[in-house]
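J.: Following this message is one structure expressed as structure tokens.
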Amino acid sequence: MASRDIVIEPSVTVEHTDRGPLAPDELAALIAGDIPAGSYVNLGIGQPTRVADHLDPASGIVLHTENGMLGMGPAALGDQVDPDLTNAGKIPVTELPGAAYFHHADSFAMMRGGHLDVCVLGAYQVSVTGDLANWHTGEPDDIPAVGGAMDLAIGARSVYVMMTLFTRNGAPKLVQACTYPLTAAGCVTRLYTDLAVLDVTPRGVVARQTFGATVAELRARLGVAVGTS
Amino acid sequence: MAEIVATPLDAVAGIADGATVMIGGFGDAGQPVALIDALIDSGASGLVVVNNNAGSGEHGLARLIAAGRVRRIICSFPRQTDSWHFDEKYRAGEIELELVPQGNLAERIRAAGAGIGAFYTPTGFGTLLAEGKETREIDGRHYVLEYPLRADFALIRADVADERGNLRYRKTARNFGPIMAPAATTTVVEVSRIVPVGGLDPENVVTPGIYVDRIVAVGPAGGAPARSAGERRTRGERP
């Protein structure tokens with residue numbers, strides 16, 4: 001596969017070097033602000049769930065949960081907890097006015113049929129061509145669990161990934177080619193990370209914003225296609 | 001015609017060793033715990049179970065697995081923080097796992113009940129979970145051929161049934177019930193309550209009684225109470 005650089009487009013790229021990397025809630029708020037008003041959105045389990053806390057109620061954004069609901073509200077607390085009303089992570093949630101319930105085949109038809117505007121997923125790795133790996137580490141002791149990740153990845157019109165750009169050990173999670181088993185090929189639209197927001201495009205990975213680092217520094221740390229473009 | 005039976009044990013009568021059993025529910029929501037408890041009491045073993053998950057905690061499906069009754073599980077998401085009974089059996093090589101992407105699982109179940117011979121789906125193309133399967137390019141997009149998933153029995157939970165077996169569900173506990181009911185030779189439903197014919201508004205019937213064989217009233221959902229987000233956070237986890 002031809003290697004690709006992280007591309008700087010002067011009209012697009014903003015390097016925020018006067019601050020540190022984004023904290024998880026800052027990242028969630030950034031994503032929430034970028035989701036167009038009126039969108040139908042699925043937030044994956046784990047970190048992406050945080051995005052819900054930052055959505056503007058006036059935006060008209062409707063949350064889909066794959067276990068069978070549109071119009072999901074915030075997490076249920078105290079007396080609100082109802083064992084028959086949970087999200088995809090099995091956490092009790094609430095319903096908002098205008099909510100709808102449906103069975104599993106309908107819920108996944110919404111994904112596969114291209115009806116969801118945006119999904120936000122976590123990832124182990126994303127490749128420079130938008131391949132996503134987020135369900136299985138392939139380790140002998142790992143119990144594989146895919147859930148709805150493959151359906152969301154191929155179905156949603158825009159697939160946003162929310163992750164740190166590097167693992168705790170410093171290994172890049174944006175890579176030339178994924179070494180973990182794929183969830184879907186070429187599906188990622190945009191990467192939201194603590195250090196940069198990056199678009200996956202036919203021209204390469206375009207840096208939109210960086211936080212606490214320059215594009216040049218990130219290229220060097222990532223080792224993604226240094227010296228080519 | 002749907003038959004109203006007196007006890008959960010009557011409801012699961014005839015489930016033989018080695019049967020394929022669909023069990024409704026997504027986590028605890030919609031899980032037919034009374035029917036699963038009766039299945040354990042019935043003694044059936046060597047079962048092939050179809051469920052979204054692989055049980056959690058100490059009740060319901062987790063208990064069935066812990067009792068060593070499940071030979072093989074077909075599911076999409078077996079890995080949870082409290083799925084220790086499945087984890088233990090899986091790592092000991094005592095249970096087989098067929099992992100299916102969740103939408104393919106749902107559509108395979110739906111296809112079985114709808115008389116579809118097979119279908120092409122984009123989900124899973126180019127991944128480990130489509131290895132060895134037929135593929136086809138249609139209008140520039142790649143698809144994988146998937147086959148229907150049938151069962152000898154479906155055990156599901158609904159909120160209200162009428163005496164004809166028409167069903168209404170409650171909130172996200174609906175999940176797999178409406179697609180599993182048509183996909184099994186014998187469909188068994190536990191409900192909170194049974195109302196006379198005419199007691200359900202026909203406009204609000206979700207599963208028509210034609211798909212239902214046995215109904216048993218067991219009262220409100222009896223599984224372990226769901227944990228609230230606050231309770232989870234105190235355990236050091238994020239929701």
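J.: Which number in (1) more than 30 Å from A:Thr94 (Cβ to Cβ); (2) outside any loop (DSSP other than H, G, I, E, B) marks the one condition that B:Ser45 misses?
T.: Condition (2) is where B:Ser45 drops out.
J.: What number of residues within region A:49-70 are open to solvent by less than 10 Å² (accessible area, probe 1.4 Å), assigned to a strand (DSSP E or B) and more than 23 Å from A:Ala123 (Cα to Cα)?
T.: At the first step, the residues of region A:49-70 found to be open to solvent by less than 10 Å² (accessible area, probe 1.4 Å) are A:51, A:64-65, A:67-69.
Pick out the ones that are also assigned to a strand (DSSP E or B) and you get A:64-65, A:69.
With more than 23 Å from A:Ala123 (Cα to Cα) added as a condition, the list becomes A:69.
Final tally of qualifying residues: 1.
J.: Restricting attention to region A:82-99, and to residues there that are under 21 Å from B:Val160 (Cα atoms) and open to solvent by 40 Å² or more (accessible area, probe 1.4 Å), which single residue is nearest to the other protein chains (Cβ to nearest Cβ)? Write out each step before concluding.
T.: Taking region A:82-99 as the starting set, the residues that turn out to be under 21 Å from B:Val160 (Cα atoms) are A:82-86, A:95, A:99.
From the residues that got through so far, the ones that are open to solvent by 40 Å² or more (accessible area, probe 1.4 Å) too are A:83, A:95.
Values: A:Pro83: 4, A:Glu95: 7 Å.
In this case the residue turns out to be A:Pro83.
J.: Out of all the residues in region A:97-108, is one or more part of a helix (DSSP H, G or I) and without any contact (Cβ under 8 Å) to a residue 24 or more places away in the chain?
T.: Yes, there is a match, as at least one residue in region A:97-108 is part of a helix (DSSP H, G or I) and without any contact (Cβ under 8 Å) to a residue 24 or more places away in the chain.
J.: Quick one: which strands (runs of 3 or more DSSP E) lie wholly within region A:156-202 and hold at least 2 residues that are out of contact with any helix residue (DSSP H, G or I) (no Cβ under 7 Å at 6 or more places or on another chain) and of a type in the set (Val, Ile, Thr)? Break it down stepwise before answering.
T.: Numbers: elements: A:158-163, A:190-193, A:196-201.
Here the list reads A:196-201.
J.: Based on what the data block shows, is B:Gly219 open to solvent by less than 50 Å² (accessible area, probe 1.4 Å), modelled with pLDDT under 95 and away from chain A (no Cβ under 11 Å)?
T.: Yes; evaluated as a whole, the condition is true for this residue.
J.: Checking the structure you have, find out if any residue of region B:82-97 is touching an Asp or Glu at 6+ places or on another chain (Cβ under 6 Å), outside any loop (DSSP other than H, G, I, E, B) and either crowded, with 17+ Cβ neighbours inside 10 Å or within 12 Å of chain A (Cβ to nearest Cβ) (or both). Walk me through how you get there before you give the answer.
T.: So in region B:82-97, the residues touching an Asp or Glu at 6+ places or on another chain (Cβ under 6 Å) come out as none.
Taking every residue of region B:82-97 in turn, none turns out to be touching an Asp or Glu at 6+ places or on another chain (Cβ under 6 Å), outside any loop (DSSP other than H, G, I, E, B) and either crowded, with 17+ Cβ neighbours inside 10 Å or within 12 Å of chain A (Cβ to nearest Cβ) (or both).
J.: Out of A:Ala123, A:Ala156, report the one residue that is under 16 Å from B:Gly124 (Cα atoms) and in contact with a strand residue (DSSP E or B) (Cβ under 7 Å, 6 or more places away or on another chain). Lay out the reasoning, then the answer.
T.: Details: A:Ala123 fails: under 16 Å from B:Gly124 (Cα atoms).
The match here is A:Ala156.
J.: Is there a residue being modelled with pLDDT under 95 and either over 16 Å from A:Leu27 (Cα atoms) or acidic (Asp, Glu) (or both) anywhere in region A:186-197?
T.: For region A:186-197, residues modelled with pLDDT under 95 and either over 16 Å from A:Leu27 (Cα atoms) or acidic (Asp, Glu) (or both): absent.
J.: If you don't mind, there's one more thing I want to ask. Report yes if A:Gly130 is in a loop (DSSP other than H, G, I, E, B), surrounded by 20 or more Cβ atoms within 10 Å (Cβ to Cβ) and not β-branched (Val, Ile, Thr), otherwise no.
T.: Here the answer is yes, as A:Gly130 does meet what is asked.
J.: Working carefully through the options A:Ala156, A:Ala149, find the one that is under 11 Å from A:Leu182 (Cβ atoms) and at pLDDT 95 or above.
T.: A:Ala149 is the lone residue from the list that is under 11 Å from A:Leu182 (Cβ atoms) and at pLDDT 95 or above.
J.: I've got another one for you. Could you look through region A:151-200, keep only residues that are in contact (Cβ under 8 Å) with a residue 40 or more places away in the chain and of a type in the set (Ser, Thr, Tyr), and pick out the one that is surrounded by the fewest Cβ atoms within 10 Å (Cβ to Cβ)?
T.: Across region A:151-200, the extreme among qualifying residues is A:Thr179.
The values are calculated or read from the model by the stated rules, or taken from the named source; none is laboratory data. It should be emphasised that the depicted structure is a prediction, and the values quoted were computed from it without experimental measurement. Heads up, the Cβs are rebuilt from the backbone with ideal geometry, glycines too, and the neighbour counts pull from every protein chain shown. Remember, those area values only see protein heavy atoms, side chains included, never the ligands or the DNA or RNA. Shrake-Rupley method; radii C 1.70, N 1.55, O 1.52, S 1.80 Å.
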